[in-house]
Amino acid sequence: MLLSRVRSAVTGRRLATAGSALAIVLLAHVVSAGPVPPEASGRAVPAAQLAGAAAPRPRPAPAPAQRAGCTGTVALTFDDGPVPGTTPRLVRVLRELRVPATFFMVGSRVQAHPELARLVERSGFLVANHSWAHESLPSRSDQQVRASIAGTNRALVRAGVHPTRLMRPPYGAMNARVRADIVGLGYVPVLWDIDSLDWHSGTPDQIAGRILRGLHRGHNVVLQHDGVSRSPLSVDAVAKVVRTARRHGYCFTALDGRGLPGYPVPVASVSVRNAPEGRSAVAVVRLDRMAARPTSVALAIRSASATIGNDLPALRARVTVQPGRLTASIAIPIRADGLTEPDERAVVWISGPSGVRIGRSMALLTIPAQTAGGPARWSPLTGLSRP
């Protein structure tokens, strides 16, 4: 019975160079085995779900947001890291190619190397959840599944990372119960369309060839690894994949909040750090999540009681938050006029979002009350500073 169910799961999936007999052995291993170290795992191909799983997600139509002129969109994803050596090298390659990617990280490895998780995010890439110990989740209780996901999230946050709400179950092993556990914790399950089989076999050229042959119009989510023993070979394949796919009109993206090729759309808000005359206030634009691409808003100052052009500059600027960062700031010089005057105010305003949605659009800039001798408390009754 188990063998027939495994054969059924294998039926709907291309296995590139691996034969179906090998696939049956690997899938049977996933169904029956307990936790498997990432390096030792025979990885199942998950687009055809294991028996009892929710139906495979249908391949979506091209996204409305797909850039004009793109043959299709490609999201590179890397599992099982972070690990010393391979993960930093992969980050360098991706940065040199100017290509986004999403890293599905194993919690125990994040705990061991939090600096590598930070490196990935601060280099502009998205970080997502891949369980605590790379265990086959259907073999675990609901409590164990939730603990594995939550523990990985805690490790990422403690490492100083801002993880997405995307979760890829190890081996792609996910039945209806596990899916409900993942969704119940507020995560989006993410699988893939194209398995590079880098964990199994192949030279860099062969790994790249598998990926390139699998590309199609519309969305493509590619599975590679930075945390298995053959990962250095997979890293060597990246440049060929990117350059060849671009020549054929494919555009590379990260993953959006639905786990599809695209980008997250953060909420941008503005705040102000005030300052006295003769100093500079600071306007801060903050995102509520990582964007994996440059995002921007237009920032301007509007008068309240402060005079634009006298107390404050007539500032209009485009403020850009770079990938790997959540904030960007701009200095607002405040002119010292030497006059005795009360608090003066202006409104800092953001609009014209690119890649973001506007949250808090206004912040109050306050110039503290002044006397001819410096800052003071203002008395509205006498017009004089209090002693």
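Nothing in this text is a laboratory measurement; each read-out follows from the coordinates by a stated rule. All values derive from a computational prediction rather than experimental measurement. Here the Cβ is made from the backbone with ideal geometry for all residues, glycine too, and neighbour counts use every protein chain on show.
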Region 267-375: relative contact order as a whole-number percent, Cα under 8 Å and 6+ apart: 37 percent
Sequence ranges 69-82, 92-105, ranked by mean other-Cβ count within 10 angstrom, highest first: 69-82, 92-105
If you place +1 on the Cβ of every Lys and Arg and -1 on the Cβ of every Asp and Glu, how big does the dipole about the Cα centre of region 267-375 come out, in debye to the nearest 20? 700 debye
In what order do R109, R247, R122 fall by count of nearby beta-carbon atoms within 10 Å, going from fewest to most? R247, R122, R109
Pull up all non-local amide H partners of A336: gap of 5 or more, or a different chain, and H-to-H distance under 5 Å with H placed in the peptide plane. G278
Which ³J(HN,Hα) values in Hz, rounded to whole numbers, follow from the phi angles of region 71-83 under the Karplus curve 6.51 cos²θ - 1.76 cosθ + 1.60, where θ = phi - 60° and Gly and Pro get x? 4, x, 9, 10, 10, 7, 10, 10, 10, 5, x, x, 9
Given contacts defined as C-alpha pairs under 8 Å and at least six residues apart, what's the relative contact order of region 289-345, whole-number percent? 40 percent
With θ set to phi - 60°, apply the Karplus curve 6.51 cos²θ - 1.76 cosθ + 1.60 along region 183-190 and write out the HN-Hα couplings as whole Hz, x wherever there is a Gly or Pro. 5, x, 8, x, 9, 10, x, 10
Each residue of region 121-138 in turn: what ³J(HN,Hα) in whole Hz from Karplus with 6.51, -1.76, 1.60 and θ = phi - 60°, glycine and Pro shown as x? 5, 5, 7, x, 9, 7, 10, 9, 9, 9, 6, 7, 10, 6, 8, 6, 5, x
Check which residues have an amide H placed less than 5 Å from R345's amide H, if you skip close sequence neighbours. A304, S305, A306, I367
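Would you order Y187, Y171 from fewest to most other beta-carbon atoms within 10 Å of each residue's own beta-carbon?
Y187, Y171
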Under a 5 Å amide H to amide H cut-off, with H placed in plane at 1.01 Å, what residues pair with I358 once short-range neighbours are removed? A268
